[in-house]
Amino acid sequence: MFLNPWTNKSTQTYLDKIEKVKEILSDCDAIVIGAGAGLSAAAGFEYSGKRFDTYFADFKQKYKIQDMYSGGFYPFESLEEYWAYWSRYIWINRYMDAPKDVYETLLSLVKDKDYFVLTTNVDHCFQKAGFDKKRLFYTQGDYGLFQCMTPCHNETYENKDLILEMVSKQKDMKIPTELIPKCPHCGKPMTMNLRCDNSFVEDEGWYKASQRYADFIRTRKNLKIFFLELGVGFNTPAIIKYPFMQMTMRNPNATYVCINQQNILCPKEIQSQSICMQEDIYKVIQDLK
């Protein structure tokens, strides 16, 4: 894809970069935001440390689980225990508000621009902050949706009421058996609508969002596009990072801006069109405002 070595070198100061990004933001025709886990982490959605200890101390003590993410793969003893863990997980990461107003501040920067959001995050923070639903594409699913684990059909189901009931009625790290979600078609257990293998359900809403994103890119490909990458690592670079770099390279009017506390390398082919900032995303967004 890119022939030359990647680089993160720059002679610009932090303030130089902030002023340049402000200029690009003001002058661009369209903005494409690519958001990864680092953006929600900047908003306070940490999956380890104090936040994990607050909500999962019992699971930590029993199973020596050290963070929410790894706990999601633990082979629990029963579905009752599995859903006790996951209902808490979903409740605090999907239905609770983020501790910091990162998403709201980001919206204030782009709300009057022609924008679209592509994200691998599954915590619904963009919609909760007020971003236009028709300008969002959640590629990897949503904590707020269930699907059949098989799956026997391509539908998803909102889970807020049942998750709240699981959280409120669990006891001794188990939910009541009657609350275990079952597929309304085949009767098998439900699971979260998260892309972890080839059983992930891409429902009608997913395909419509995918088409809206494709149409946005197609109809603006030669304009002054601002590709703003926030908190994207190298776990799934083919979804956001590499496509943003490729589209920047093909469009001399485009600018690629990467903000992250790590993973800020960019190819030399687009270095003159790029700004990379190894900084706290919350601080940068506040300074841009």
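The numbers here are math on the coordinates, done by the rules we state, and not lab data. Model, not experiment: these values are computed from the prediction. In this analysis, Cβ positions are derived from the backbone assuming ideal geometry, glycine residues included, and neighbour counts consider all displayed protein chains.
Listed by chain and number, the aspartates and glutamates whose alpha-carbon sits under 15 Å from that of LYS221, ignoring those within fewer than 8 places in the same chain, are ASP29, ASP114. Packing here is the average count of other Cβ atoms within 10 Å per residue, and on that basis the peptides 80-90, 158-168, 195-205, highest first, run 80-90, 158-168, 195-205.
Only beta bridges with both residues in the chain are counted; by DSSP, about 30 percent of them are antiparallel.
The translational diffusion coefficient of the chain, from Stokes-Einstein at 37 °C and 0.692 mPa s with a Kirkwood hydrodynamic radius over alpha carbon pairs, comes to 161 µm²/s.
Put simply, when 174-181, 34-41, 260-267 are sorted by average Cβ atoms within 10 angstrom per residue, most first, you get 34-41, 260-267, 174-181. Taking 20 Å as the straight-line reach from the Cα of LYS50, the aspartates and glutamates in range (excluding those fewer than 8 positions away in the same chain) are ASP58, ASP67, ASP97, ASP101, ASP123, ASP280.
Summing +1 for each Lys or Arg and -1 for each Asp or Glu among the other residues whose beta-carbon sits under 13 angstrom from that of GLU19 gives -1. Listed by chain and number, the lysines placed with their C-alpha closer than 21 angstrom to that of LYS182 are LYS160, LYS169, LYS171, LYS174; residues fewer than eight positions away on the same chain are left out. Helical runs assigned H by DSSP (4 residues or longer) give the chain a calculated mean residue ellipticity at 222 nm of -11000 deg cm²/dmol, each run adding -39500 (n - 2.57) before division by the residue total. For a Förster distance of 51 Å, can you work out the FRET efficiency between the beta-carbons of SER78 and ASP27, rounded to the nearest 0.05? Approximately 0.35, to the nearest 0.05. Of the residues ARG135, ARG94, ARG220, the one that moves most in a GNM of the chain with alpha-carbon contacts below 10 Å is ARG220. In a shell of Cβ-Cβ distance under 15 Å around THR119, excluding THR119 itself, what net charge do Lys and Arg (+1) and Asp and Glu (-1) give? Local charge sum for THR119: +4. Of all beta bridges DSSP finds with both residues in region 166-282, what is the antiparallel percent, to the nearest 5? Close to 15 percent.
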